[in-house]
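One structure is given here, and the rest of the page talks about it.
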Amino acid sequence: MVRRKVESFGSTLAKAVIVDDNLESVSGAINDMRAQKMDLIICTGGMSVDPDDLTPGAIKAAGAKIVRYGTPVFPGAMFLVAYLDDKPVLGLPGCVMFERRTIFDVLLPRLAAGFKIRSAEIESLGPGGLCLNCPERDFPACGFGKGPEYWPMED
């Protein structure tokens with residue numbers, strides 16, 4: 001699912017790794033991607049509020065500056081955006097694997113266009129932040145994930 005979405009923007013999923021579920025392994029994999037100068041690092045798994053979910057802590061332990069952990073958008077409320085050396089690091093909640101549209105679909109086009117995601121922009125998504133799974137499924141033309149100002153374009 002992640003590969004398909006990334007490739008829909010003409011990008012390539014250059015590397016996928018599976019690591020043990022511990023802080024050192026996850027933060028080490030993030031720093032390995034950093035050393036390989038990846039344009040975007042995507043982490044999946046372990047994003048809920050359960051104390052056993054280590055991914056948010058591993059992203060921080062890797063040296064990334066967390067911009068926002070949690071969004072007013074559903075599905076995708078436990079999404080994380082961080083930056084490491086000015087490159088985005090995303091923590092994807094499990095819903096990205098089985099829901100057709102999530103916060104990832106709202107933010108990925110902006111990242112693919114080179115825009116930096118800010119906390120205020122994510123906060124502005126509250127109005128319209130509930131995917132109603134409409135039968136016509138007209139995303140991105142629908143109101144899902146549209147903030148009151150429809151995404152200011154400053155970077």
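The values are calculated or read from the model by the stated rules, or taken from the named source; none is laboratory data. In this text the structure is predicted, and so the values were computed from the model without any measurement. Note that we place each Cβ from the backbone using ideal geometry, even for glycine, and neighbour counts take in every protein chain shown.
The residue pairs whose first member lies in the range 39-51 and is outside any loop (DSSP other than H, G, I, E, B), whose second member is of a type in the set (D, E, K, R), and whose beta carbons are closer than 8 Å, counting only pairs six or more residues apart or on different chains, are Ile41/Arg34; Ile41/Lys87. Of the residues making up the range 1-37, those that are hydrophobic (A, V, I, L, M, F, W, C) and within 15 Å of Gly63 (Cα to Cα) are Leu23, Val26, Ala29, Ile30, Met33, Ala35. Within the range 119-155, the set of residues being among the acidic types (Asp, Glu) and either modelled with pLDDT under 65 or farther than 20 Å from Leu90 by Cα (or both) comprises Glu136, Asp138, Glu149, Glu154, Asp155.
For every residue, the table says whether it meets (1) among the acidic types (Asp, Glu); (2) touching a Gly at 6+ places or on another chain (Cβ under 9 Å); (3) assigned to a loop (DSSP other than H, G, I, E, B).
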site	(1), (2), (3)
Gly10	no, no, yes
Ala16	no, no, yes
Val26	no, yes, no
Ala29	no, no, no
Lys37	no, no, yes
Gly63	no, no, yes
Ala77	no, yes, yes
Gly91	no, yes, no
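For the range 52-89, filtering for residues that are without any contact (Cβ under 8 Å) to a residue 12 or more places away in the chain and in contact with a Phe, Trp or Tyr (Cβ under 9 Å, 6 or more places away or on another chain) leaves 1. Tell me yes or no: at least one residue of the range 100-108 is touching a Gly at 6+ places or on another chain (Cβ under 9 Å), in a helix (DSSP H, G or I), polar (S, T, N, Q) and within 19 Å of Val6 (Cβ to Cβ). So far as the range 100-108 goes, no, none of its residues is touching a Gly at 6+ places or on another chain (Cβ under 9 Å), in a helix (DSSP H, G or I), polar (S, T, N, Q) and within 19 Å of Val6 (Cβ to Cβ).
The residue that is surrounded by the fewest Cβ atoms within 10 Å (Cβ to Cβ), among those in the range 70-103 that are modelled with pLDDT of 95 or more and aromatic (Phe, Trp, Tyr), is Tyr83. So which residues in the range 114-129 are in a loop (DSSP other than H, G, I, E, B), closer than 18 Å to Ala64 by Cβ and in contact with a strand residue (DSSP E or B) (Cβ under 7 Å, 6 or more places away or on another chain), if there are any at all? Those that are in a loop (DSSP other than H, G, I, E, B), closer than 18 Å to Ala64 by Cβ and in contact with a strand residue (DSSP E or B) (Cβ under 7 Å, 6 or more places away or on another chain): Ile117, Arg118.
As a summary of the residue check, Asp39 satisfies the conditions (1) in contact with a Pro (Cβ under 9 Å, 6 or more places away or on another chain); (2) buried (at least 19 other Cβ atoms within 10 Å of the Cβ); (3) closer than 20 Å to Arg110 by Cβ except for the one numbered (2).
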